[in-house]
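Here is the structure we will look at.
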Amino acid sequence: MISLVNEIPKLSLPLAEVVKINCAYNSYHDAALFWTQDETRAVISMLDGNMVIYNNNADIDELREFVGVISPSSVFSDAKTLLTLFGDSFHEVCVVKCDKKFYCDNISDNVNSSEMYKLLNVEGLSLPPYEFFAVDFCHRLNHGELKYFAKKDLCAAIGISDGQAVLVNGIASHQKGMGTAALEGLLSQYDITAIAVCEKEVMPFYLKNNFKHVYNAGYWRKNP
């Protein structure tokens, strides 16, 4: 049975959907909604209409009915779950992971939300409208959940962390070779497992930087 909850079970897994759910809970406990199915068979979050599902052998029929009733604007989960829920009408992406400790001597420039948005606003990255980005960026930064590395006019990378793993939440390069510099600069601030969600054609960049492909995930979006 899927139930609305005030507290979610402790999840310490290096999965993109788990980090997203944990970070939503840590930063937006009072604004987001959370559900569980039979306590741990599924854990679900929804913030601003965007749903994230962690499937731990969930009752898919009940989950499908639940999603239909709640009617989120988007759903992020592992690819197998999305395929079962929506067929092939979702956008598939790759999840990569790295347990290596990164070191970097470069010091990040201090940038505000507007400067960060401009750095990340490149082809291949899907950003929300600036007003939503700015509020989320500042909120997570002030709560210690977000870190970044940036070089003005050159590169930027953002990561969010639940304390168990860090999810690279955006990376952009404006000069050849600066993507790796941004990734190293960001991840040198952590001593935990790193995860990234990327397009298939971008995966070679992460593989070159000591990540490995672990599973596929995806985004389903409601038709306008």
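All of the numbers you see were taken from the coordinates with simple rules; none came from a lab. Quick caveat: nothing in here was measured; it's all calculated off a predicted structure. Note: ideal-geometry Cβ built from the backbone for every residue, glycine included; neighbour counts use all protein chains shown.
Estimated from helical segments only, the mean residue ellipticity of the chain at 222 nm is -9000 deg cm²/dmol, where each DSSP H run of four or more residues counts as -39500 (n - 2.57).
Note: relative contact order over region 102-190, using C-alpha pairs below 8 Å and six or more positions apart, is 32 percent. When each of the peptides 53-61, 172-180, 122-130, 5-13 is scored by how many other beta carbons lie within 10 Å of its residues on average, the order from highest to lowest is 53-61, 172-180, 5-13, 122-130.
For region 162-184, the residues whose backbone nitrogen is under 16 Å from a point 7 Å from the Cα of GLU201, taken along Cα to Cβ, are 173. Treating each Cα of region 102-190 as an identical point scatterer and summing with the Debye formula, the log10 of I(q)/I(0) at q = 0.23 Å⁻¹ comes to -1.21.
Taking a sphere under 12 Å around the Cβ of ASN112 and counting the other residues whose Cβ falls inside, with K and R at +1 and D and E at -1, yields a net charge of 0. FRET efficiency for the VAL122 to ARG221 pair, using the beta carbon distance and R₀ = 25 Å, is estimated at 0.75.
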